[in-house]
Amino acid sequence: MTTNPNQALWEKGDFTRIAAGMRQSGEALVRSLGITPGLEVLDLGCGDGTTALPAARLGARVLGVDIARNLVDAGNRRAQEAGLPNLRFQQGDATDLRDLPPRSFDLVVSIFGAMFAPRPPDVAKAMVRVTRPGGRIVMGNWIPNDPTLVAQILKISAAYSPPPPEGFVSPMAWGVEGEVLARFGGADIAPERIAFARETYTFDFAGPPADLVGEFRKFYGPTMSAFDAAEKSGRAGELAGELVALFERQNQSATAGTTSIPATFLRVTVKV
Ligand SMILES: C[S@@+](CC[C@H](N)C(=O)[O-])C[C@H]1O[C@@H](n2cnc3c(N)ncnc32)[C@H](O)[C@@H]1O
């Protein structure tokens, strides 16, 4: 049993089930990164390799680091099945990358990964420390109060969950440009070295929106926690109803009985 609540949150679910519907966007994002053979890449908060695998397929030497042991194991299995000796996964915490040598990666990528770690100023410093001068950090961060899927899931879930402990900093603050500038500023990165863009990630699922909600309920740590709390107050049905209505509203699939939901995120590029 772990005593790290952040690790416990992600290990209690099985993010591979959600990630299965995010592969196409992961591949598209990686194609936009200008990866060349031999590039040293760290994928931080990598899950089971949605971005790490395509980066390795392009010839990069990729290390995936994630706090959840089940996802590290799943990533290593996928690397082996794909025959990618240039890709490996190990457990680690984005708040403290001291096991990794300084200035050792050309590209640090973290797509909806490091944003979920506690102590964001430490995370910014850790990412900068392991990046080579002249290298880049690329983060994908969900945006608070955005009308698209993920921000709305979190907003609905929050209404069914106990208030966060004092001093809690929402992961979504990584989706606010001013916060990002301040956090990297604390790691000696000047604002002109940081660029922002709004991009889209799509959640694809071979069933109707209600079934995708079921997958989140069973396998996505943060949604599982919201349902745990809602069950205690007898409101789980209400929470499920709100989420199904949200997913149905946002579904843009042209094929009946299937789901395709685009969600907007903030892409952050830092020149180190
Ligand atoms: C929403 S998932 C995204 C996974 C992956 N990047 C993807 O796009 O499929 C968030 C990931 O961040 C990981 N994570 C959360 N806190 C972390 C931390 N402190 N250090 C490293 N990874 C962390 C979780 O275990 C999980 O795999």
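Reported count of residues in the range 238-257, each being of a type outside the set (A, V, I, L, M, F, W, C) and more than 20 Å from Tyr201 (Cα to Cα), is 4.
Here are some residues: Val123, Val109. Which one is near the ligand (Cβ under 9 Å from one of its atoms), closer than 19 Å to Glu27 by Cα and among the β-branched types (Val, Ile, Thr)? First the steps, then the outcome.
Numbers: Val123 fails: closer than 19 Å to Glu27 by Cα.
Answer to the check: Val109.
Pull up the range 30-65, narrow it to residues that are among the acidic types (Asp, Glu) and farther than 12 Å from Asn86 by Cβ, then point me to the one that is surrounded by the fewest Cβ atoms within 10 Å (Cβ to Cβ).
Asp48
What number of residues within the range 87-105 are surrounded by fewer than 17 Cβ atoms within 10 Å (Cβ to Cβ) and more than 15 Å from the ligand (Cβ to nearest atom)? Residues that pass the stated criteria total 4.
Figure legend. Inter-residue proximity from the range 228-239: first residues modelled with pLDDT under 95, second residues surrounded by fewer than 16 Cβ atoms within 10 Å (Cβ to Cβ) and in a helix (DSSP H, G or I), beta-carbon distance below 8 Å, spacing 6+ or different chains. No pairs are indicated. Once the range 10-27 is narrowed to residues that are modelled with pLDDT under 95 and among the small types (Gly, Ala, Ser), the residue that is nearest to Asn70 (Cα to Cα) is Gly13.
Here is a yes/no grid of residues against (1) more than 7 Å from the ligand (Cβ to nearest atom); (2) modelled with pLDDT of 95 or more; (3) in a loop (DSSP other than H, G, I, E, B):
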{"position": "Ala8", "(1), (2), (3)": "yes, no, no"}
{"position": "Leu29", "(1), (2), (3)": "yes, yes, no"}
{"position": "Leu33", "(1), (2), (3)": "yes, yes, yes"}
{"position": "Pro37", "(1), (2), (3)": "yes, yes, yes"}
{"position": "Thr50", "(1), (2), (3)": "no, yes, yes"}
{"position": "Leu53", "(1), (2), (3)": "yes, yes, no"}
{"position": "Val65", "(1), (2), (3)": "no, yes, no"}
{"position": "Asn70", "(1), (2), (3)": "yes, yes, no"}
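Does Gly214 meet the test of being free of Cβ contacts under 8 Å to residues at least 12 places away in the same chain, within 19 Å of Met22 (Cβ to Cβ), more than 15 Å from the ligand (Cβ to nearest atom) and assigned to a helix (DSSP H, G or I)? Outline the logic, then answer.
On the way: free of Cβ contacts under 8 Å to residues at least 12 places away in the same chain: yes; within 19 Å of Met22 (Cβ to Cβ): yes; more than 15 Å from the ligand (Cβ to nearest atom): yes; assigned to a helix (DSSP H, G or I): yes.
So Gly214 fits the description; yes.
Take Ile143 and decide whether it is at pLDDT 95 or above, within 15 Å of the ligand (Cβ to nearest atom), under 23 Å from Arg217 (Cα atoms) and of a type outside the set (Phe, Trp, Tyr). Considered against the rule, which asks whether it is at pLDDT 95 or above, within 15 Å of the ligand (Cβ to nearest atom), under 23 Å from Arg217 (Cα atoms) and of a type outside the set (Phe, Trp, Tyr), Ile143 comes out as yes.
Selection of first residues in the range 113-124 that are over 20 Å from Phe265 (Cα atoms) and of second residues that are of a type in the set (Val, Ile, Thr) and at pLDDT 95 or above, restricted to Cβ pairs under 6 Å at least 6 apart or on distinct chains, gives the following pairs, ordered by first then second residue: Arg119/Thr95; Asp122/Thr95.
Considered as a group, the residues in the range 129-145 that are under 21 Å from Phe265 (Cβ atoms) and of a type in the set (A, V, I, L, M) include one that is nearest to the chain's Cα centre (by Cα), and that residue is Met139.
The values are calculated or read from the model by the stated rules, or taken from the named source; none is laboratory data. Since this is a predicted model, take the numbers as computed values, not measurements. Every residue, glycine as well, gets a Cβ built from its backbone with ideal geometry; the counts of neighbours run over all protein chains shown.
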